[in-house]
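Working notes, structure below.
The values are calculated or read from the model by the stated rules, or taken from the named source; none is laboratory data. This one's a predicted model, so the numbers in the text were calculated from it and none came from an experiment. Here the Cβ positions follow ideal geometry from the backbone for every residue, glycine too, while neighbour counts run over all protein chains shown.
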Amino acid sequence: MAENDVAIAENDTENVDILRVYEIGYHISPSTKEEDIEKTVSAIRSEIEKQGGSFIAEGAPSMARLAYSIESREGTKRVENDRSYFGWLKFEAKIDAAKALEESLKANKSLIRFILFRTVREDTRAKMKAPQLREVKRTDVIKAAPRRAEESSEPVSEVDLDKALQDITAE
Amino acid sequence: MSNNILTQNDIQHVDYKDIDLLKQFINPHGRVMSRKKTNLTAKQQRAVEAAVKRARFMALLPYIQK
């Protein structure tokens, strides 16, 4: 987390009152129950509000597979987590508020890892163009129509035909 | 006109959560590709680098892949 400390500290010289946009990304322990996740998130939110921050955007935590296992402590035991609930929050706050928030997140036991860094107000998620589908010449085209025609042109017995005709004329 | 993924798709910001985008800038071992391969501008390359490092820390991307 040294990177974050530096990122915050480098703007520390002046303009302490200027609001800056920050983003938090966090991993909630996979052992937390579904209903407790919301509690953890609201705890982070209330902490931001307490520091006088205002929210810009949010990504609800969802179960994600991790690229490598993260070690965490549960009581006295060490646990290797290969998955977790990953969520994020974007907010605006003062430098001191961000610092205080970082400390409070460090103390939060239900978070196995978090990141806090400065970002921009705009939506940073990339909107990729829909991948163009390659045109593939299909060789296994299903020809439905001719087969149906074949079915209808099946030989019908004379008796059946006569019967059908009689049924129609009788009406 | 530079011909790279970011310019082509008109991407101004590189987010560490966009794993599928970032994966296009790392090689099979998980290392960040050079500017020769990515064709990014210096500014874009720095942004990608920062995003990849954040994604690695948050275990969204691997540090190494065998």
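Determine whether A:THR76 is of a type in the set (S, T, N, Q) and surrounded by 11 or more Cβ atoms within 10 Å (Cβ to Cβ). Judged against the criteria, A:THR76 is not a match.
Each residue in segment A:79-117 was checked for being within 11 Å of another protein chain (Cβ to nearest Cβ) and touching a helix residue (DSSP H, G or I) at 6+ places or on another chain (Cβ under 7 Å), and 5 of them qualify. Restricting B:GLN24, B:GLN65 to residues that are in a helix (DSSP H, G or I) and either among the hydroxyl-bearing types (Ser, Thr, Tyr) or over 19 Å from A:GLY25 (Cβ atoms) (or both) narrows the list to B:GLN24. The condition (being within 28 Å of A:ARG65 (Cβ to Cβ), within 10 Å of the chain's Cα centre (by Cα) and more than 14 Å from every other protein chain (Cβ to nearest Cβ)) is satisfied by just one residue among B:VAL14, B:VAL48, B:VAL32, B:VAL52: B:VAL32.
Tell me, please, whether a residue that is surrounded by 11 or more Cβ atoms within 10 Å (Cβ to Cβ) and under 18 Å from B:MET58 (Cα atoms) can be found in segment A:48-58. Looking through segment A:48-58, at least one residue is surrounded by 11 or more Cβ atoms within 10 Å (Cβ to Cβ) and under 18 Å from B:MET58 (Cα atoms). Can we say B:LEU61 is within 27 Å of A:TYR85 (Cβ to Cβ), under 9 Å from the mean Cα position of the chain (by Cα) and touching a residue at least 24 places away in the same chain (Cβ under 8 Å)? The answer is no for B:LEU61. Only a single item in (1) closer than 24 Å to A:ARG78 by Cα; (2) at pLDDT 90 or above; (3) surrounded by 11 or more Cβ atoms within 10 Å (Cβ to Cβ) is not met by A:VAL21, and it is number (1).
Selection of segment A:39-64 for residues being in contact with a strand residue (DSSP E or B) (Cβ under 9 Å, 6 or more places away or on another chain) and not small (Gly, Ala, Ser) yields A:THR40, A:VAL41, A:ILE44, A:ARG45, A:ILE48, A:GLU49, A:GLN51, A:PHE55, A:ILE56, A:GLU58, A:PRO61, A:MET63. Residues that are under 17 Å from A:ARG20 (Cα atoms), of a type in the set (Val, Ile, Thr) and more than 24 Å from the chain's Cα centre (by Cα) within segment A:55-113 comprise just one, A:ILE95.
Does segment A:86-105 include one or more residues that are modelled with pLDDT of 90 or more and either part of a loop (DSSP other than H, G, I, E, B) or surrounded by fewer than 13 Cβ atoms within 10 Å (Cβ to Cβ) (or both)? Scanning segment A:86-105 turns up at least one residue that is modelled with pLDDT of 90 or more and either part of a loop (DSSP other than H, G, I, E, B) or surrounded by fewer than 13 Cβ atoms within 10 Å (Cβ to Cβ) (or both). If you go through segment B:29-58 and pick out every residue that is surrounded by 15 or more Cβ atoms within 10 Å (Cβ to Cβ) and not in a helix (DSSP H, G or I), you end up with 6.
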